Each structure stands twice: as C-alpha cells, then as structure tokens.
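Please treat every number below as a calculation from the coordinates, not as lab data. Treat the numbers as computed from the prediction; the structure is a model and nothing was measured. Counting neighbours? That spans all protein chains shown, and the Cβs are built from the backbone with ideal geometry, glycine included.
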Amino acid sequence: MSQDNAQKTQTPFERVSPQEFGYNTKQVDQFLARARATFNGTDDAAAVTSHLVRRTAFEPQKGGYDAREVDTALDRLEDVFAQRERDALIEAEGEDAWLQQIGRLSAILRGRLHRAPGERFRRPTRRGVPSYNVEDVDELCEELIDYFEHDTPLSVDAVRRVMFREAKGQEGYEESQVDAFLDRVVELMASID
C-alpha cells in the first residue's frame, strides 16, 4: 500500500490539495474526539452540546480537511446531540417541559420574524461593522414564516448554509445579530424535526 493510500485510510475526511485551504486537521480531530467522548459518556468535564457543535469553527490550513465534508459531518453531529438533549429533557422533566422550551423559543423567533421588512434586525452603528444585505435576510425571514406557520418545507441544512450578500454599513443588517438569530432558528428546527 502506498503512503498516500495509507494516509487516506487513516483520516476521517478527504484533504484538499496542498495549495488549497481546508480546515485545520488537528483541531478537527481534537473536536471530534471530544464529541465522541461526550457521546460515549466518558468525559463530562468537556461536554459537547448541539449549541457548541453549531458554534465551532476551525482555522484554515493548507492541505487541510475538505470543509464541505467536515461541515456535513458537523451538521449530522449537531442533529444527534440535539435529539439526545431533547430526549434527556423529556426523560428528566417530561414532554411538557420540552414543549414549553420549544414554545418559548418559537415565540421569541416569531416576534422578530413578524417585524416589518427592513426593520427585523439592527443596523450597524459603527464604521466597518460587517452587515448583510437586507433584502436577502428578509427573504429568508419570509421563508421561515412560511415554514413555521404554514408548514412549507424548508430544511435545517438550507438555513445552516444560507449565504447573504454583503452590505455596507447602515445599508445592511448587522451580521452578528442575524447570525445569532439564525443559530436559534437552527436550534429550534433541529429540535422539532
């Protein structure tokens, strides 16, 4: 077996070419080992949650792991942890506790979704603060209203992968607020699907 073939069988993901940037292999491997330990119940000190999986980011590395493959695996991992968290809450406190948690989160999200287009999120107040195109974000918000209120199909992966055009300053919605909102949307969608 060649050295290249041996390396492929030992790594969990394909690597990009040595000239391209992928995810830092050491960071990915360490995070997955930590997630595995949490899943197996062997490490409570550094417990991994669905929220932590969603917020995890890796540094770029030339010749690193293919980002699409890692992101797909993290999406599946997040779904598994969300399901386990839901099941644990139901087992510990009953289904009513889970329904109340979902209801509270849903009410918060719907409140923002039902704001007028162009007014759903704050505008940057400082120069140089990244912002998203308002029309792009509002379009997704309309799709989310249809999903939550009219059972229009929308996958959680579509929300995870959404891309917005950049805007300049006050012309856009502040990225950090939109991103935090979308994290909660993904959390809700993953817990009810």
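So the values come out like this:
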| item | result |
| --- | --- |
| Extension gain (nm, one decimal) between residue 21 and residue 92, 0.36 nm per residue minus Cα-Cα | 21.2 nm |
| By average C-beta atoms within 10 angstrom, highest first, the peptides 178-188, 14-24 | 178-188, 14-24 |
| Hull-based mean projected area of the stretch 87-193, where the convex hull spans the alpha carbons, in square nanometres | 7.2 |
| 3J(HN,Hα) from dihedral phi, the stretch 93-105, Karplus parametrisation 6.51/-1.76/1.60, rounded to Hz, x for glycine, proline | 10, x, 5, 4, 5, 5, 4, 5, 4, 5, x, 5, 5 |
| Rounded tilt (10° steps) of 175-192 against the dominant C-alpha axis of the chain | 80 |
| Residue-wise HN-Hα coupling along the stretch 24-40, computed from phi with Karplus coefficients 6.51, -1.76, 1.60 (Hz; x: Gly, Pro) | 4, 5, 5, 5, 5, 4, 5, 5, 5, 5, 5, 5, 4, 4, 5, 4, 7 |
| Low-density loop positions, GluC sites (Glu not before Pro), the stretch 89-151 - DSSP coil, at most 16 other Cβ in 10 Å | 119 |
| Size of the stretch 1-138 as Cα extents on the principal axes (Å, biggest first) | 60, 47, 22 |
